[in-house]
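This report concerns only the one structure given below.
The values are calculated or read from the model by the stated rules, or taken from the named source; none is laboratory data. Given the structure is predicted, the values throughout are model-derived calculations rather than measurements. Neighbour counts are summed over all protein chains in view; Cβ atoms, including those assigned to glycine, are modelled from backbone coordinates with ideal geometry. We work out accessible area using only protein heavy atoms, side chains counted, and drop any ligands, DNA or RNA first. Shrake-Rupley method; radii C 1.70, N 1.55, O 1.52, S 1.80 Å.
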Amino acid sequence: MIIARSPLRISLGGGGTDLPSYYRDHGGFVVAAAINQYVYLTLNRRFVPQILLKYAQMEEVERVEEIKHP
């Protein structure tokens, strides 16, 4: 089992302008901060061959290529 924890970051302004597809043509500026909250990721092997992904929705797929979450 792998458990990872990362500080939650929030964009205060300019969200999306840090993407290469945008800032290469228009420049970019982002004001972001980490707050005293965390995002957790838990990864473990299941007893069945399907992949189960839980976030605001739940997906159960056979292959990684079938996952809809970006």
_For region 1-25, give me each residue that is in contact (Cβ under 8 Å) with a residue 24 or more places away in the chain and polar (S, T, N, Q)._
Ser6
*Looking at (1) surrounded by 10 or more Cβ atoms within 10 Å (Cβ to Cβ); (2) in contact (Cβ under 8 Å) with a residue 12 or more places away in the chain, find the lone condition where Glu60 falls short.*
(2)
_Residues of region 32-51 satisfying the condition of being open to solvent by less than 60 Å² (accessible area, probe 1.4 Å) and assigned to a strand (DSSP E or B)_ = Ala32, Ala33, Ile51
_Kindly evaluate Gly28 against the criterion of being exposed (fewer than 10 other Cβ atoms within 10 Å of the Cβ) and either of a type outside the set (D, E, K, R) or without any contact (Cβ under 8 Å) to a residue 12 or more places away in the chain (or both)._
no
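Looking only at residues in region 1-20 that are small (Gly, Ala, Ser) and not in a loop (DSSP other than H, G, I, E, B), which one is most open to solvent (accessible area, probe 1.4 Å)? Talk me through it step by step, then tell me what you get.
Quick first cut of region 1-20, residues small (Gly, Ala, Ser) only: 4, 6, 11, 13-16.
With not in a loop (DSSP other than H, G, I, E, B) added as a condition, the list becomes 4, 6, 11, 13.
Working: Ala4: 44, Ser6: 59, Ser11: 80, Gly13: 29 Å².
Result: Ser11.
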